[in-house]
Amino acid sequence: MKKYIKKAEEFKAGWVKLIHPKNVVVAEWVRLKCQYGCGRYGTCLTCPPFSPTPDYTRKMLEYYSRALIMTFDVPPGQKEKERRRRREMRRKIASLEREIFLDGYYKAFAMASGPCNICKICDTSQPCKFEELGRPSMEACGIDVYTTLANLGYQLEVVKSYDQLWHYSGLVLID
């Protein structure tokens with residue numbers, strides 16, 4: 001597992017921790033924030049209503065014995081730069097999942113925080129064009145990222161403007 005922690009650090013994850021999936025907090029209310037507060041609701045295959053439900057996520061977590069959780073700091077700047085950095089973060093998390101999979105952990109599965117932005121417009125009537133990158137958002141699956149990180153010793157602050165440092169998270173389930 002040290003190899004994967006090191007890889008995440010090479011990807012410039014600001015904070016990485018190996019945890020047991022039972023430490024991932026799943027709550028029903030999290031998806032409400034997607035439905036009532038995110039303009040991407042229903043427009044992206046990685047978000048509700050297309051993503052796994054919190055109940056499904058709870059059950060899925062039981063099949064894993066380890067998880068890597070990490071945060072990526074995105075410096076303040078223009079909105080387009082922030083989008084590019086989020087795309088890059090999603091690619092890095094997906095490539096880490098792939099490396100772990102190829103090393104024999106065939107159940108490896110990654111998720112990133114926030115809605116996917118690989119495509120400018122997601123065609124929800126078709127399968128994902130980027131199946132190797134398209135993974136559900138942690139929040140879309142009901143994962144309370146703030147509480148999960150706080151319970152692990154990382155205090156995630158609410159970002160109030162584009163002038164602040166942004167923090168995105170990733171989770172790779174391993175077994």
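A few points about this structure:
- Restricting attention to the stretch 12-43, the residues that are more than 15 Å from the chain's Cα centre (by Cα), assigned to a loop (DSSP other than H, G, I, E, B) and touching a residue at least 24 places away in the same chain (Cβ under 8 Å) total 8.
- Breaking point among (1) without any contact (Cβ under 8 Å) to a residue 12 or more places away in the chain; (2) assigned to a loop (DSSP other than H, G, I, E, B), for Phe101: (2)
- Filter result for Pro21 (in contact with an Asp or Glu (Cβ under 9 Å, 6 or more places away or on another chain), at pLDDT 90 or above and on the phi < 0 side of the Ramachandran plot): yes
- Residue, surrounded by the most Cβ atoms within 10 Å (Cβ to Cβ), within the stretch 122-140, restricted to residues that are more than 19 Å from Gly39 (Cβ to Cβ) and among the hydrophobic types (A, V, I, L, M, F, W, C): Leu133
- Residue in the stretch 135-150 that is farther than 17 Å from Pro54 by Cα and assigned to a loop (DSSP other than H, G, I, E, B) present: no
- Test result for Thr46, on the phi < 0 side of the Ramachandran plot, of a type in the set (Val, Ile, Thr) and in a loop (DSSP other than H, G, I, E, B): yes
- Filtered residue count, the stretch 62-97, keeping only those that are out of contact with any Asp or Glu (no Cβ under 7 Å at 6 or more places or on another chain) and assigned to a helix (DSSP H, G or I): 18
- Residues in the stretch 1-11 that are among the aliphatic types (A, V, I, L, M) and outside any loop (DSSP other than H, G, I, E, B): Ile5, Ala8.
- Any hit, the stretch 152-166, residues being among the charged types (D, E, K, R), surrounded by 18 or more Cβ atoms within 10 Å (Cβ to Cβ) and part of a loop (DSSP other than H, G, I, E, B): no
The values are calculated or read from the model by the stated rules, or taken from the named source; none is laboratory data. Just so it is clear, the model here is predicted, and its values are computed rather than measured. All Cβ positions, glycine included, derive from the backbone under ideal geometry; neighbour counts span all protein chains shown.
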